[in-house]
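Right, I'll just put the structure down here and ask away after.
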Amino acid sequence: MKFIKTTMVCSILIIGLIAGCKKEKYASRDTSGLKPPPVDTTTTPPPDPTLVVFDNADKKDGWQTVGDVNITTSGQKEGTGYIKNTITNGSDFMQFIKDLPTPLNTKLTETNGQFKFWLFLSDPTIIKDGSIEITSSGKSDDHESAWDVAPLVSTLKSGWNEIALNFNVAIKTNDGGADYSAINHFRIFFSTTSKSHPDLTTGIDDLVFRQAPPAPPVVFDGADLADGWQTVGTPTIETSGAKVGTGYLKNTITNGNDFMQFIKDVAVPVNTSFTAANGRFKFWWYVSDVSLLKNDGSIEITSSGKSDDHESAWDVAPLIPNLKNGWNEITLDFDKAIKTDDGGADYTAINHFRIFFFTTGKAHADLTTGIDDLRFISK
């Protein structure tokens, strides 16, 4: 009996020890098998705070077109419908007109404004020409800003097309064009190449005004290759320390000299896509010791293939106080350029660049200079 009791006590003790030594379970710290959270596809981007709706084309009121105004409630780009019509075989013309009873203040200016809408065309290849117009007079051809349809045709596809038109390139009537604080009339009209064609379905939706997004930059030259470049001596591409790309054009004003220039000619003129009102010329300029620069020199772009002919230029001297040793980002407004008497550069056909500058004297430490990433940008 004593043996049995002893055995029972030992068994209980062993069970207690096993329970007391039970391994705690912890969450694994190995994250190798964890999946990232799913991408949130439900969150919509915040609305454009500059957006002003002219008309969402969900209702017929105020609209005119060829024949009866029709609202289609399927296939629209926005809202509950769109205005739809067809140029049937034997006809060659369509227009959509909208008048507002109360003029609309777009809160935009000629410099920053854009008119945007959706245009449906079942077959854009048979479109010939036409016009897109906004006015503040309540009618066409009076205080009107307009854009031709013909230049857009090559960019159109079958189906819906987003049309975005900047105010600063609008064709204005002689009275100064539309007052963008009081828009009350819209018209688009277009023609087919002939009256013999398959039926052409057309439509209009979601007419809005907004601030124009920045236009993409247009590269004049990346300074990665020596081709087309001229400088004092042989053009040299430095492949380390570039601001953009694989290299930059580098040269040195050595002790005993006081002048440097970088010149680039391009065989095919560059269309900057910008106007005198909204364009800028930008590049990177390397100067190892700014204190050695003289208040002299010029930065020039031309459409003549040479300096001093159809040239827009900027003096170097006003830039020097803001330069630092090393790389400097230079940004120059077209509308502040010094123009030659022939009207300055044609910004749709730039083919020549030059910068030249001097040291304050010929006795100085070697001055390392460089040029990189020449491009045209929007204000």
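Among the residues of segment 155-181 satisfying the criterion of being within 24 Å of TYR82 (Cβ to Cβ) and not aliphatic (A, V, I, L, M), which is most open to solvent (accessible area, probe 1.4 Å)?
LYS157
Check whether at least one residue in segment 256-277 is more than 28 Å from the chain's Cα centre (by Cα) and among the acidic types (Asp, Glu), and report yes or no.
Start the filter on segment 256-277 by keeping residues that are more than 28 Å from the chain's Cα centre (by Cα), which leaves 256-262.
Right, trim to among the acidic types (Asp, Glu) and you get 258.
The answer is yes; a qualifying residue exists.
Let's see how each residue does on (1) over 24 Å from ALA226 (Cα atoms); (2) in contact (Cβ under 8 Å) with a residue 12 or more places away in the chain; (3) among the acidic types (Asp, Glu); (4) out of contact with any His (no Cβ under 6 Å at 6 or more places or on another chain):
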| position | (1), (2), (3), (4) |
| --- | --- |
| LEU249 | no, yes, no, yes |
| ALA267 | no, yes, no, yes |
| LYS282 | no, yes, no, yes |
| LEU293 | yes, yes, no, yes |
| SER304 | no, yes, no, no |
| ILE338 | yes, yes, no, yes |
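Turning to a different aspect of this structure: Could you go through segment 290-301 and let me know if any residue there is in contact with a helix residue (DSSP H, G or I) (Cβ under 7 Å, 6 or more places away or on another chain), part of a strand (DSSP E or B) and surrounded by 16 or more Cβ atoms within 10 Å (Cβ to Cβ).
Taking every residue of segment 290-301 in turn, at least one turns out to be in contact with a helix residue (DSSP H, G or I) (Cβ under 7 Å, 6 or more places away or on another chain), part of a strand (DSSP E or B) and surrounded by 16 or more Cβ atoms within 10 Å (Cβ to Cβ).
A further question on this structure: Please verify whether ASN184 is without any contact (Cβ under 8 Å) to a residue 24 or more places away in the chain and under 30 Å from VAL149 (Cα atoms), treating the condition exactly as stated.
Numbers: without any contact (Cβ under 8 Å) to a residue 24 or more places away in the chain: no; under 30 Å from VAL149 (Cα atoms): yes.
When the stated conditions are applied, ASN184 does not pass them.
Oh, and also: Please verify whether ASN251 is surrounded by 14 or more Cβ atoms within 10 Å (Cβ to Cβ), over 31 Å from the mean Cα position of the chain (by Cα) and not in a loop (DSSP other than H, G, I, E, B), treating the condition exactly as stated. Explain how you work it out, then say what you get.
On the way: surrounded by 14 or more Cβ atoms within 10 Å (Cβ to Cβ): yes; over 31 Å from the mean Cα position of the chain (by Cα): yes; not in a loop (DSSP other than H, G, I, E, B): yes.
Yes; evaluated as a whole, the condition is true for this residue.
Mind checking which residues of segment 214-232 are in contact with a strand residue (DSSP E or B) (Cβ under 8 Å, 6 or more places away or on another chain) and open to solvent by 60 Å² or more (accessible area, probe 1.4 Å)?
Residues satisfying the conditions are PRO214, PRO217, VAL219, LEU225, GLN230, VAL232.
The values are calculated or read from the model by the stated rules, or taken from the named source; none is laboratory data. Given the structure is predicted, the values throughout are model-derived calculations rather than measurements. So basically every Cβ, Gly included, is an ideal-geometry build from the backbone, and we count neighbours across all protein chains shown. Each accessible area value is taken on the protein alone, full model and side chains, heavy atoms only, with ligands, DNA and RNA left out. Shrake-Rupley method; radii C 1.70, N 1.55, O 1.52, S 1.80 Å.
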